[in-house]
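The values are calculated or read from the model by the stated rules, or taken from the named source; none is laboratory data. Here the structure is a predicted model, which is why all the values come from computation and not from measurement. Quick reminder, even Gly has a Cβ in these numbers, built from the backbone with ideal geometry, and neighbours come from all protein chains shown. When the accessible area is computed, the model is the full protein with side chains, heavy atoms only, and any ligands, DNA or RNA have been set aside. Shrake-Rupley method; radii C 1.70, N 1.55, O 1.52, S 1.80 Å.
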Number of protein chains: 2
Amino acid sequence: MSWLDLPDDTGFGVDNLPHGVFSTPGTAPRTGIAIGDAVLDLAAATGDEVHATGSLNAFLARGPGAWADLRAQLTGWLTDEAHRGRVEPHLVPRSEVTLHLPVEVADYVDFYSSRHHAENLGRMFRPDSPPLTPNWQHLPIGYHGRAGTVAVSGTPVVRPSGQRKGPADDAPTFGPSRRLDIEAEVGFVVGAGSSLGAPVPLGAFADHVFGVCLVNDWSARDIQSWEYVPLGPFLGKSFLTSVSPWVVPLAALEAARVAPPPRDVPLLPYLDDAGTQPWGLDIAIEVRLNGELVSCPPFDLMYWTAAQQLAHTTVNGASLRTGDLFASGTVSGPRPDQRGSFIELSWGGEEPLTLSDGSTRTFLEDGDVVTLTATAPGTGGGRISLGEVTGRVEPSQTEGPR
Amino acid sequence: MSWLDLPDDTGFGVDNLPHGVFSTPGTAPRTGIAIGDAVLDLAAATGDEVHATGSLNAFLARGPGAWADLRAQLTGWLTDEAHRGRVEPHLVPRSEVTLHLPVEVADYVDFYSSRHHAENLGRMFRPDSPPLTPNWQHLPIGYHGRAGTVAVSGTPVVRPSGQRKGPADDAPTFGPSRRLDIEAEVGFVVGAGSSLGAPVPLGAFADHVFGVCLVNDWSARDIQSWEYVPLGPFLGKSFLTSVSPWVVPLAALEAARVAPPPRDVPLLPYLDDAGTQPWGLDIAIEVRLNGELVSCPPFDLMYWTAAQQLAHTTVNGASLRTGDLFASGTVSGPRPDQRGSFIELSWGGEEPLTLSDGSTRTFLEDGDVVTLTATAPGTGGGRISLGEVTGRVEPSQTEGPR
């Protein structure tokens, strides 16, 4: 297929072509395309200044026509031997590059779209009520997160401090979080913005969204549980959100499109995707703690699709901007080994996970490394990779009782 | 005091010097300083390119030393007749300028810091519980809003549509909001950012925050009440947040600093401002509906100060960026005519306001114009103006039953 010598299971074949921002020692960050074990230096190979800005934003703002044109050009370059002389000098071994945050994030919205995740949390926190709140089946619940603390994979996860108060405590205490957790999510990057007052219907999803990344929405459950009534999560989430460095274009996920699960209640027309080709995606996520596989969250079971999330976000007239990032919320499946957070895996800390070395884990310990990876069916018949998002927990820098 | 012929009650004397972004027909947006009835074209008067970028961000990023140096230079120019020849050619009548969004907003955080507002909403929505949630007196509750829909005063307020569901409804319906409201707030603009992992203590507030504006956080109460459990407000707020065009430097508010109300419970050390000169501010807000004064919210009674809000926002290690905007939350005082929202002024719509023409109002009607203005004691002995933030309600552009 390609004149490059790519192994069948590369995950970064010519049917993927994810975009990222890289540098090598002494050079400025610029746009690259992952191909096999290499990065194609797009700034050098194309000579287009848009790829030399240090983020994908300027290119994404050109819109879906430009995205498709570039993809067609790259496919030609990488499959037709005639282009080898032109392309090969601009291939850099992936092992030699530093990867940067691919997108300057405009607004960051986090959803809550896994029914199994929402039900698990409901059962833990509101055991006497129905597990889902009454609105959950009618709209994709979401909230704005902190765009300024979205960082690229590998950024250290310093244990945050804040106010914690248990049910038996008289008053809150201050100190490092004792319930530091992950949320395994899939993120969607807006390329082409929209105008104030112009909702984006379900069918226009791919006119605005460029591609997909992995997201770990690090969460301090003890800080979150004390602060979040009535206005939602704030400091329990805002210390860091990590994203994978490679943004996989929607065009690479055509073979991964699936129907979402059946809906329990009729949806209002702006959310009803029954008459459209829906945007469920068969993305298989793997969660590893210190290298050990602890969970396999299945994205294809998400109740709300990203197209529904986008339609909902804009139905009140809110505009989109290039660089808007919206994430799915924790991906959890029905089985215990498909849960995308430690609060679910350890059932609120009451049922510790036993690891292969015999140790147990409820929430994250200092030194723990969590890595999310994911693959999806590619258009070439194999599976494409969404890369990875990883982070190591560093000790708190704040004094106070843990 | 100034060689300009300024009336005593200008509100824009030499002790104010708010920064904004303006243009005249056929010219590009650039930074200006409001002085009397004029705007001083800072780009032209200083020749510094930083004032020609179309937003205040690049100048604000220079930090508090640069802010103080410019203020001293401007004070000299405007008070010493010797500079008249240099300055006067760059004064443009305010009536001839268009004012733009002064700051590219990075992250927008909205707080909930008025005790009277929080108690009013608690009494309306949770009549059988204590009016304040247990966390309210221990931390300044806040959440992230949508930065991309923060717009300058004068931007039309198109009535948003969304899902509404009353307690008696079986299912939500879609249509224009029936409970469109305001929130009269004061906003704070971060000039100098901070690093990930470096909390900003109370005493460093003025090292990071440049100045103050007025904020109207337009709110669709029916959309908000259906969506906000458990992750907080989203579409009920994200359609538009309006800000005043002039950012008043903190340096202009030295005479407005007051102690906040006594605290009911001991505060954790990072929030305890007892040993510092606190950042309560004696700002008097006026709310007008179609020109008629309907409320006078007193900012000096806010329970949580902006310095406490900033310390809280960063205590988990979250970083600040130039352009971060954080708003106080609705400012309401103890008296009915000091309430900063119509949901409070009309007590949930049950006690309509009677206007001077005999009409009544619960929530906003199409065509309504709401204007917030505010003043504070200046260092010159009079009162300085924070300008105004205004908006006119336009009919919904979405079909559906109101």
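Observations on the model:
- Modelled this way, with points 7 Å down the Cα-to-C-beta line, the labels at B:Ala171 and A:Arg123 are 2.8 nm from one another.
- Computed from the alpha carbon atoms alone, the convex hull of chain A holds 149 Å³ per residue.
- Percent carbon-and-sulfur accessible area, region A:141-271, ignoring ligands, DNA and RNA, probe 1.4 Å: 59 percent
- Among A:Asp357, A:Asp37, A:Asp80, the largest mean-square fluctuation in a Gaussian network model of chain A (Cα springs under 10 Å) belongs to A:Asp357.
- Given charges at Cβ of Lys, Arg, Asp, Glu: chain A dipole, positive-most of A:Pro269, A:Ala374, A:Gly323: A:Pro269
- Estimated vicinal HN-Hα couplings, Hz - region A:213-224 in sequence order (Karplus 6.51, -1.76, 1.60; Gly, Pro = x): 9, 9, 10, 10, 8, 3, 9, 9, 5, 6, 5, 4
- Charge dipole (Cα centre; +1 on Lys/Arg Cβ, -1 on Asp/Glu Cβ; no other charges) of the protein assembly as shown amounts to roughly 460 debye.
- Between B:Pro167, B:Pro199, B:Pro140, the GNM of chain B built on Cα springs shorter than 10 angstrom shows B:Pro167 fluctuating the most.
- Lys/Arg +1, Asp/Glu -1 at C-beta; region A:17-174 dipole; positive extreme among A:Pro140, A:Ser161, A:Leu56: A:Ser161
- Label point 7 Å beyond Cα of A:Glu96 along Cβ direction - residues of region A:10-24 with amide nitrogen under 14 Å: A:23-24
- Qualifying lysines (Cα of each under 18 Å from Cα of A:Lys165; at least 8 residues distant if same chain): A:Lys237
- Highest-first arrangement of A:98-109, B:55-66, where packing means the average Cβ count within 10 Å: A:98-109, B:55-66
- The share of C-alpha pairs in the protein assembly as shown whose separation exceeds 45 Å stands at 25 percent.
- Highest-fluctuation residue, A:Thr360, A:Thr379, A:Thr314 considered, GNM on chain A with Cα pairs under 10 Å: A:Thr360
- Shape call, region A:19-98: gyration tensor on alpha carbons, a/c limit 1.5: oblate
- Counting charges near A:Gly203 (Lys, Arg +1; Asp, Glu -1) among other residues having Cβ under 13 Å from its Cβ returns a value of -3.
- Shielding of B:218-231 by partner chains, average beta-carbon count, 10 Å: 4
- Spin-label model, A:Val229/A:Glu350: points 7 Å from Cα along the beta carbon direction are separated by 1.8 nm.
- Virtual spin-label span in nm between A:Gln73 and A:Asp357, 7 Å along Cα→Cβ: 4.9 nm
- For the set B:Arg30, B:Arg178, B:Arg84, the ranking by accessible area, highest first and with no ligand, DNA or RNA atoms included, is B:Arg178, B:Arg84, B:Arg30 under a 1.4 Å probe.
- Added length on full extension, which subtracts the Cα-Cα distance from 0.36 nm per residue, B:Leu267 to B:Arg86: 60.0 nm
- Between B:Glu254 and B:Gln397, the FRET efficiency from the beta-carbon distance, with R0 = 51 Å, is close to 0.65.
- Peptide-level mean, for A:237-243, of C-beta atoms on other protein chains within 10 Å: 4
- Inter-copy label distances at B:Asp128, shortest first and taken from points set 7 Å along Cα to Cβ: 1.1 nm.
- The mean number of partner chain beta-carbon atoms within 10 angstrom of a residue's beta-carbon across peptide A:166-174 is 2.
- Calculated FRET efficiency, A:Asp337 to B:Arg62, Cβ-Cβ distance, R0 = 56 Å: about 0.60 to the nearest 0.05.
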